[in-house]
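The structure under discussion appears below in the form of structure tokens.
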Amino acid sequence: WSNGVTDNPYTFTIDQDTIIDATFLEGFIVSIQANDTNMGSIVGGGTFLPNSVVTLKAIANQHYHFDHWSNGSIDSATLFYVTGDTTLTAYFAIDTHEIVANVNNNTYGEVIGAGFHNYGDSVRLVAKPITPHAVFKDWNTGDTNDTIYVKLLSDTTIIANFVVDTHSILATVNNSSFGTVAGTGEYAHGTMATLTANANPHYHFVNWSNGSTDN
């Protein structure tokens with residue numbers, strides 16, 4: 001309308017003599033819209049002569065990306081051949097990022113929750129031992145909780161460290177003046193431990209309390 005309003009029909013309150021001109025243009029209306037205006041915007045719509053070729057552009061906001069037009073085109077800047085009034089929708093989607101979760105030893109454990117997730121998601125990761133006597137130690141970030149939440153702002157790699165159980169070997173002598181024992185301490189489950197009985201001068205080793213005479 002001559003007052004700049006584009007509504008049709010146009011309803012208004014009359015409070016004085018008013019003259020309004022309606023302006024018509026030859027051509028077709030190409031109306032474009034976004035599926036979510038928080039994700040992006042579009043440019044290029046309007047009224048065009050029949051058989052015109054117009055360029056429509058979809059511009060994604062930060063952390064979002066253009067996916068496709070409702071006519072099937074996957075080009076964010078697409079050429080459109082005008083043959084009639086048309087409404088097109090540009091579809092945007094949120095960016096995704098990948099969490100890669102590694103373990104220091106694949107035979108000890110695994111991490112649940114890795115993969116692709118939406119930008120900004122709080123992703124739950126769980127470190128899980130998969131073999132007997134394996135235990136979770138910590139993440140490469142220093143966190144010792146086996147379950148953590150990672151706010152995903154970019155592609156991320158994290159490492160879960162597993163270890164095997166340890167056991168203590170305590171060996172004593174029947175009399176400390178007779179000799180000493182070497183080899184006591186902490187050992188990983190399943191490893192071989194060697195104990196050596198060292199006799200003092202004028203004494204000799206006889207046997208261990210489990211009956212073994214090996215030294």
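The values are calculated or read from the model by the stated rules, or taken from the named source; none is laboratory data. Computed from a predicted structure; not experimentally measured. Positions of Cβ are generated from backbone atoms using ideal geometry, with glycine treated the same way; all protein chains shown enter the neighbour counts. We work out accessible area using only protein heavy atoms, side chains counted, and drop any ligands, DNA or RNA first. Shrake-Rupley method; radii C 1.70, N 1.55, O 1.52, S 1.80 Å.
Just a few scattered comments:
- Among beta bridges that DSSP assigns inside the chain, antiparallel share in %, nearest 5: 80
- Listed values for segment 148-154 are Karplus-derived 3J(HN,Hα) couplings in whole Hz (6.51 cos²θ - 1.76 cosθ + 1.60, θ = phi - 60°), namely 9, 10, 10, 7, 8, 10, 6, and x replaces Gly and Pro.
- Candidates N198, N51, N106: whichever shows maximal mean-square fluctuation once the chain is modelled as a Gaussian network with Cα springs under 10 Å: N198
- Surface analysis of the chain yields an accessible area of 67 Å² per residue, using protein heavy atoms and a 1.4 Å probe.
- Plainly put, the chain has a radius of gyration that is 1.49 times its Kirkwood radius, both from alpha-carbon atoms, as the Rg/Rh ratio.
- Distance from segment 108-132 to segment 24-58 (C-alpha centre basis), Å: 44
- Sequence-ordered 3J(HN,Hα) estimates for segment 66-73 from the Karplus curve with 6.51, -1.76 and 1.60 and θ = phi - 60° stand at 6, 10, 6, 8, 5, 8, x, 5 Hz, glycine and proline given as x.
- The chymotrypsin sites (Phe, Trp or Tyr not before Pro) of segment 1-70 meeting both criteria, a DSSP state outside H, G, I, E and B (loop) and at most 13 other C-beta atoms within 10 angstrom of the site's C-beta, are W1, Y10, F12, F24.
- Applied to segment 205-212, the Karplus parametrisation 6.51 cos²θ - 1.76 cosθ + 1.60 on θ = phi - 60° returns per-residue 3J(HN,Hα) values of 6, 10, 6, 8, 5, 8, x, 5 Hz, with x for Gly and Pro.
- Carbon + sulfur, % of accessible area of segment 133-215 - ligands and nucleic acids excluded, 1.4 Å: 51
- Proximal aspartates and glutamates to K128, defined as alpha-carbon separation beneath 14 angstrom and excluding residues fewer than eight positions away on the same chain: E110, D138, D146
- In this structure the amide hydrogen of G109, modeled in the peptide plane, comes within under 5 Å of the amide hydrogens of I130, none closer than 5 places in sequence on its chain.
- Dipole size of the chain about its Cα centre, with +1 on Lys/Arg Cβ and -1 on Asp/Glu Cβ: approximately 1060 debye, rounded to the nearest 20.
- Dipole of the chain, positive direction: furthest Cα of I159, S2, T180, with charges on the beta-carbon: T180
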